[in-house]
Ligand SMILES: Nc1nc2c(c(=O)[nH]1)N[C@H]1C(S)=C(S)[C@@H](COP(=O)(O)OP(=O)(O)OC[C@H]3O[C@@H](n4cnc5c(=O)[nH]c(N)nc54)[C@H](O)[C@@H]3O)O[C@H]1N2
Ligand SMILES: Nc1nc2c(c(=O)[nH]1)N[C@H]1C(S)=C(S)[C@@H](COP(=O)(O)OP(=O)(O)OC[C@H]3O[C@@H](n4cnc5c(=O)[nH]c(N)nc54)[C@H](O)[C@@H]3O)O[C@H]1N2
Ligand code: SF4
Ligand SMILES: [Mo]
């Protein structure tokens, strides 16, 4: 065997590790970390290291299918494409462009997002383009826009080794971003950096914490306000300096009067002295790096949580200098590329907004269309798309690289909505999935290593993932599927492409002069070397490790905004009938809805079933023993898992992993989303996945 090694980038989380993929005779043989890569230097984590069987796993889609007489049957590509084009056109003619919606994942390639946006926003005339970024990073994005004026994460991974304090909130990076966790743990070990973890659960990450603030779920804003209160009270804030680069200090100080640590202690359940100690640790730090994740974003206070955290690094001058700053890690490998190229219903390509007339004009000019073609009102968020399916306002739903039947909250309601679609196109690599089972058309896609395109990581680094092997059967790259459907709908002139590289060469021009400028990037450059951090405006530009180092933010007065944010409780109330808060999260062995990792024997065997973590006191009260099957019920439905009795969780809180759908019979449940509340943060429209009122009981049927 002569293994050929190919440079690529990881298709799982958003850290962007450089990987080497070994192939022989058209088969993937081994996947390893790339030595010398600035992100991971040879490290690789559980998911990609075990992913070789994913390429030959059972259930790979190899042929398009159309549902006829209730059954999905194989058809040719020509049939599938002309069927879709005709149905889309009919629905648009009868019900208008707003009756069509695309929802994609956040692991699509940048080129794919660009084509979806061009098809929907420029050609069909609907802003109904969404992605799992809505479920993942929409609140971080909105947090940045409101505080610093742009969705532009300013810090970089080199800051990790320069920091003396890590503030890690709602982020279980030991499980969700292991290569990052390793760098943080090493920096602690080597440089003596301190670690503060804020998490209602004693997580794998809190194992390295010097201070673990084990707050009640949903109470971060109260905590952050109290930390800011102590910082101001104890003279850790140079107010004159702060006013140079941030507005709003006086209003913030007024609000913070209401948040002494004693009050935050009552709300969060954390001892007052621990809150004071944490604030002093922040105040004494010379370089604090802040991380936050879904413990923040999966909340009806998500954007406020982000803003109140931003207040902390602004008050302490911990940003945009080596070792200090907000380092927002994205969940999936191209979440940032997705946001920057317009993958949400309020965005346009190149970090632009649908509602901004100047942005619409720039994009209309670029696409050579009249500005009137671009709708001035944001399209539906994904939850609102499902509402639209229920009411009949949305008739066609096209799911690309995502599994909404399993990943959206309140499964029963989601399924009812999806089943009302006249046209439900599911473009995936596997069948069955919870969503493909409901499809009226299934399209077989090529996956990572079988297609080519770019990903942008959490530190704004752009990388190329190239085709190494052929996809199975008739599966096609997502880009090609998109341009074939666009052409069949009559948009031949707008979609003349024959390769993703041509798409990239076009899309990079729309980023010119923006903070996501890619004009210095070519596929050739990415093949030869590690990709640069954006913006990278010219061929000889080395890339931009840190943003806003001149402390000039893209806001009217050039200053960032200190925003006074009041704490309010999560939407659902705990009562006698539903006395527990359910929080959901991730495991090392599976990725999101497990369509890929559930088919990899080693990963499946390590974590074959869902579990429910219950505090020993609550377990005793409810007569539940370790290993029992437990029913977890909310007003929306019921799910099950094996009891793990553990004081990792607080009394009154139960925890479940998110991964366990059931493609064959989804309502026969192990899926957390069967019980999760489908409410969202009004500012980001991101669902509250981490706070649902539930009850538990021992199950007598398995
Ligand atoms: N192995 C693996 N890695 C993954 C993924 C995967 O599925 N598997 N998915 C990827 C994706 S898409 C994402 S978005 C990331 C997510 O990565 P993370 O956000 O790190 O993961 P979660 O487990 O969803 O949630 C993180 C923590 O939030 C805590 N939490 C819950 N409620 C609150 C609260 O009110 N406040 C605070 N401060 N914390 C709270 C939970 O206890 C949990 O420990 O992981 C990525 N990486
Ligand atoms: N209760 C609860 N629910 C949650 C969360 C939570 O913490 N709690 N987390 C939320 C978050 S942060 C996220 S990001 C979402 C994720 O939700 P989803 O985006 O629905 O999750 P995935 O399982 O990653 O779905 C990806 C799908 O794309 C397919 N696929 C993989 N590669 C390709 C490809 O190259 N082309 C095509 N066409 N298909 C491909 C896979 O087989 C899979 O079906 O879940 C959200 N749901
Ligand atoms: S840390 Fe994230 S990017 Fe790195 S190898 Fe693991 S899943 Fe891939
Ligand atoms: Mo995510």
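Worth a mention:
- Averaging 1/r over each pair of different alpha-carbon atoms in the range 481-607 and inverting the result gives 20.8 Å, the Kirkwood hydrodynamic radius.
- Protection proxy ranking of 576-585, 27-36, 684-693 - average other beta-carbon atoms within 10 Å, highest first: 684-693, 576-585, 27-36
- Along its first, second and third principal axes, ordered by size, the range 101-232 spans 55, 31, 27 Å in Cα coordinates.
- Computed as a quarter of the hull surface, the mean projected area of the alpha carbon convex hull for the range 353-416 stands at 5.6 nm².
- Over the range 431-556, all Cα pairs binned in 5 Å intervals from 0 give whole-percent P(r) values of 2, 9, 15, 18, 16, 14, 11, 8, 5, 2, 0, listed from short to long.
- For the range 588-632, the share of alpha carbon pairs falling in successive 5 Å distance bins from zero is 5, 20, 23, 12, 15, 13, 9, 2 percent.
- Fewest-first sequence of 247, 73 by Cβ atoms within 10 Å of each Cβ: 73, 247
- The chain, relative contact order [Cα under 8 Å, separation at least 6], %: 19
- Rg over Rh for the range 182-251 works out to 1.07, both radii taken from alpha-carbon positions and Rh defined as the Kirkwood radius.
- Relative contact order of the range 4-56, defined on C-alpha pairs under 8 angstrom at six or more residues apart (%): 29
- Over all orientations, the chain has a Cα convex hull whose mean projected area works out to 28.9 square nanometres.
- Antiparallel DSSP beta bridges within the range 139-329, percent to nearest 5: 5
- Cubic angstrom per residue, convex hull over Cα atoms of the range 238-372: 171
- With one equal scatterer per alpha carbon and no solvent term, the Debye-computed log10 I(q)/I(0) for the range 263-320 at 0.16 1/Å reads -0.61.
- With the simple model of a label 7 Å out from the Cα in the direction of the Cβ, residue 416 to residue 3 spans 5.2 nm.
- Sequence-separation-based contact order of the range 580-698, relative, with Cα cut under 8 Å and 6+ spacing, percent: 35
- Computed across the range 160-218, the Kirkwood hydrodynamic radius from all distinct Cα-Cα pairs reaches 11.3 Å.
- One way to sum up the overall shape of the range 32-120 is the equivalent ellipsoid from its Cα gyration tensor, whose semi-axes run 37, 21, 10 Å, largest first.
- Residue-normalised convex hull volume from the C-alpha trace of the range 552-646: 218 Å³ per residue.
- The chain, helix-only ellipticity at 222 nm - DSSP H runs n ≥ 4, -39,500 (n - 2.57), divided by all residues, nearest 500: -8500 deg cm²/dmol
- Burial order of peptide ranges 352-362, 383-393 (average beta-carbon count within 10 Å, highest first): 383-393, 352-362
- Of all DSSP beta bridges in the chain, antiparallel share, percent nearest 5: 50
- Evaluated over the range 291-448, the Cα radius of gyration and Dmax, each in Å: 19.0, 55
- Taking the average, over residues, of other Cβ atoms within 10 Å as the packing measure, peptides 198-211, 127-140 rank 127-140, 198-211 from highest down.
- Treating each Cα of the range 580-698 as an identical point scatterer and summing with the Debye formula, the log10 of I(q)/I(0) at q = 0.11, 0.14, 0.17 Å⁻¹ comes to -0.35, -0.57, -0.83.
- Dimensions of the range 4-56 from C-alpha coordinates, computed as largest minus smallest value along each principal axis and given longest first, are 30, 20, 13 Å.
- Note: the range 139-329, Cα convex hull, 102 Å³ per residue.
- The range 580-698: antiparallel DSSP beta bridges as a percent of all, rounded to 5: 65
None of the figures in this text is laboratory data; all of them are computed from the coordinates on show. Computed from a prediction, not measured in an experiment: that's the story for all the values here. Glycine gets a Cβ as well: all are built from the backbone with ideal geometry, and neighbour counts include every protein chain shown.
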